[in-house]
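Okay, structure first, notes after.
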């Protein structure tokens, strides 16, 4: 079976598997006090061109909860897109652990937040009756597979700074976004002015693990304690760190993210001639969103699982991964054409 449901379905990159094997040959100190973790954090500083602090976690929800909790109190509010993962797909974990109120803002037709939309919600500062906004969270790439350009992030960052807010980026597909833009990782983080980043590894081809990258040193005051408190401090941290070391060295991430993005472009191009298919969002990273006939769900999903994104319009999400091949797309298109 080859799935178009999620890049989480894919296996582990061979380079990452090799990295795991290499650090599995001796006893070393635990909880990140090992040479592999130290070396990887130094690599993060080099790649992001900043004196960042890095905290390795098990999963994306943990990364987002840690990022948000480092910047908020229980009387605060967090602004986010109405399509965001932290609002729709992490159960109530962010609210439960942070105690914050989450205000969803309407995303535009490309799945991104506009400055005007954000501005409208920056209200009632100092009002004791209102949850005080402390953070804005954006997603890169967005839940619709679109990408914020560096100048768009910078504009949002300037707005948050003007209003004394922290800017969080949920970067579960951050590598795909950078590959799509043809830029370095620092160009959509350090230079763009974000305060804290949830950097995804699993969807990019790691076995498990994400990283919280702290750019704003104010957020480093309590984050180490939060790291432990929310049960995301790994005793064998080196097994997460080693995977990121492999991903960052010689931009391995770019090679595989670029491939996944190209497969999505090919999938979009192959679907477009079919008059019963409507591509609904620009294809900029590794996702294709399309409206298809409802009757196609079952016969297609029997062999090629995918998620129905919006039931009312029959919009589905088709994800490509590092291991998606052209022949997988050819077979899928063949199955689609047989339903015409």
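The values are calculated or read from the model by the stated rules, or taken from the named source; none is laboratory data. Worth saying up front: this structure is predicted, and the values here are computed from it rather than measured. Reconstructed Cβ throughout: ideal geometry from the backbone, glycine too, with neighbour counts over all protein chains shown.
Please find, within segment 117-140, the residue that is farthest from residue 159 (Cα to Cα) out of those that are touching a strand residue (DSSP E or B) at 6+ places or on another chain (Cβ under 7 Å) and part of a helix (DSSP H, G or I).
Checked segment 117-140; the qualifying residue farthest from residue 159 (Cα to Cα) is 117.
Out of 263, 247, report the one residue that is touching a helix residue (DSSP H, G or I) at 6+ places or on another chain (Cβ under 6 Å) and part of a helix (DSSP H, G or I).
One residue alone meets the criteria, 247.
Among the candidates 267, 271, 252, 233, single out the residue that is buried (at least 16 other Cβ atoms within 10 Å of the Cβ), in contact (Cβ under 8 Å) with a residue 40 or more places away in the chain and closer than 30 Å to residue 69 by Cβ.
Result: 233 is the single residue among 267, 271, 252, 233 that is buried (at least 16 other Cβ atoms within 10 Å of the Cβ), in contact (Cβ under 8 Å) with a residue 40 or more places away in the chain and closer than 30 Å to residue 69 by Cβ.
Could you list, in sequence order, all residues of segment 141-159 that are closer than 12 Å to residue 188 by Cβ, touching a residue at least 40 places away in the same chain (Cβ under 8 Å) and touching a strand residue (DSSP E or B) at 6+ places or on another chain (Cβ under 7 Å)?
148, 156, listed by residue number.
Do we find that residue 247 is assigned by TED's automatic domain parsing to the domain that holds residue 213, surrounded by 15 or more Cβ atoms within 10 Å (Cβ to Cβ) and either out of contact with any strand residue (DSSP E or B) (no Cβ under 9 Å at 6 or more places or on another chain) or modelled with pLDDT of 95 or more (or both) in this structure?
It is true that residue 247 is assigned by TED's automatic domain parsing to the domain that holds residue 213, surrounded by 15 or more Cβ atoms within 10 Å (Cβ to Cβ) and either out of contact with any strand residue (DSSP E or B) (no Cβ under 9 Å at 6 or more places or on another chain) or modelled with pLDDT of 95 or more (or both).
Being assigned to a helix (DSSP H, G or I) and either over 22 Å from the mean Cα position of the chain (by Cα) or touching a residue at least 60 places away in the same chain (Cβ under 8 Å) (or both) is the filter here, so list the residues in segment 88-116 that pass it.
97, 116
Given the conditions (1) surrounded by fewer than 17 Cβ atoms within 10 Å (Cβ to Cβ); (2) farther than 30 Å from residue 97 by Cβ, report the number of the one that residue 259 does not fulfil.
In the conditions (1) surrounded by fewer than 17 Cβ atoms within 10 Å (Cβ to Cβ); (2) farther than 30 Å from residue 97 by Cβ, residue 259 misses (1) alone.
Criterion first (surrounded by 12 or more Cβ atoms within 10 Å (Cβ to Cβ), in a loop (DSSP other than H, G, I, E, B) and not assigned by TED's automatic domain parsing to the domain that holds residue 179) does residue 328 satisfy it?
In short, no.
Over 21 Å from residue 98 (Cβ atoms) and within 20 Å of the chain's Cα centre (by Cα): is that true of residue 283 in this structure?
Answer is yes for this residue.
Quick one: how many residues across segment 283-293 are in contact with a strand residue (DSSP E or B) (Cβ under 9 Å, 6 or more places away or on another chain) and either more than 22 Å from residue 12 (Cβ to Cβ) or assigned to a loop (DSSP other than H, G, I, E, B) (or both)?
Of the residues in segment 283-293, 7 are in contact with a strand residue (DSSP E or B) (Cβ under 9 Å, 6 or more places away or on another chain) and either more than 22 Å from residue 12 (Cβ to Cβ) or assigned to a loop (DSSP other than H, G, I, E, B) (or both).
Has segment 63-73 got at least one residue that is farther than 19 Å from residue 197 by Cα and in the same structural domain as residue 163 (by TED's automatic domain parsing)?
No - not one qualifying residue is present in segment 63-73.
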